[in-house]
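Step one of this worksheet: look at the structure below.
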Amino acid sequence: MEHDIPAYPNYGVLGLMKSPEMRALMREKAELVEALYREFVAKRTGRLARSSRIETHIGGNKNDRWEATVIVGEGVPYGAPHEFGYDDGDVGVYAGHRDLNRALDAMGGF
């Protein structure tokens, strides 16, 4: 396949990917994922829903762009088993609820 993409770095695009506006956009999208997660997750005590938080950081293969990470279940002992499932070692294996994946899927093409 032929292409006409220059091999040299495009400083305009690189500047945009590391701009404060891009960081704000990534945070905004992560806030939408976090809100959807909080809506989907079971809320007996609300502790798991409240455990979610967002981090923005420079990342990508070449550390050339802003990324956002939504972290859930930190500090909640049942966070990982709820999300990913568990084997109780006796009766059976229980599937995870995958609430974070559900929130990401709901975002679609955003």
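The values are calculated or read from the model by the stated rules, or taken from the named source; none is laboratory data. No experiment lies behind these values; they were computed from the predicted model shown. Heads up, the Cβs are rebuilt from the backbone with ideal geometry, glycines too, and the neighbour counts pull from every protein chain shown. SASA here: full protein model, heavy atoms, side chains in, ligands and nucleic acids out. Shrake-Rupley method; radii C 1.70, N 1.55, O 1.52, S 1.80 Å.
For the listed peptides 84-94, 23-33, a ranking on the average number of other beta carbons within 10 Å per residue, highest first, reads 23-33, 84-94. Assuming charge only on the beta carbon of Lys and Arg (+1) and of Asp and Glu (-1), the dipole of the chain about its Cα centre is about 440 debye to the nearest 20. Rounded to the nearest 20, the Cβ-based charge dipole of the stretch 47-110 about its Cα centre (Lys and Arg +1, Asp and Glu -1) stands at 320 debye. Starting from the Cα of residue 29, draw a straight line to each of the aspartates and glutamates and keep only those under 14 Å, dropping any in the same chain fewer than 8 residues away. Once the sequence-local aspartates and glutamates are set aside, what remains near residue 29 is 21, 55, 67, 105.
Measure nothing fancy, just the Cα-based angle from helix 20-40's long axis to the longest principal axis of the chain, in degrees from 0 to 90, nearest 10. In the chain, helix 20-40 runs at an angle near 20 degrees to the longest axis. The candidate values were [x] 2, 14, 23, 25, 18, 11, 6, 2, 0; [y] 2, 10, 16, 16, 14, 12, 10, 7, 5, 4, 2, 1; [z] 2, 13, 22, 18, 13, 11, 8, 6, 4, 2, 0, 0; the one computed from these coordinates for P(r) over Cα pairs in 5 Å bins from 0, in percent carries the label [y]. Accessible area per residue for the chain, computed on protein heavy atoms with a 1.4 Å probe, is 73 Å².
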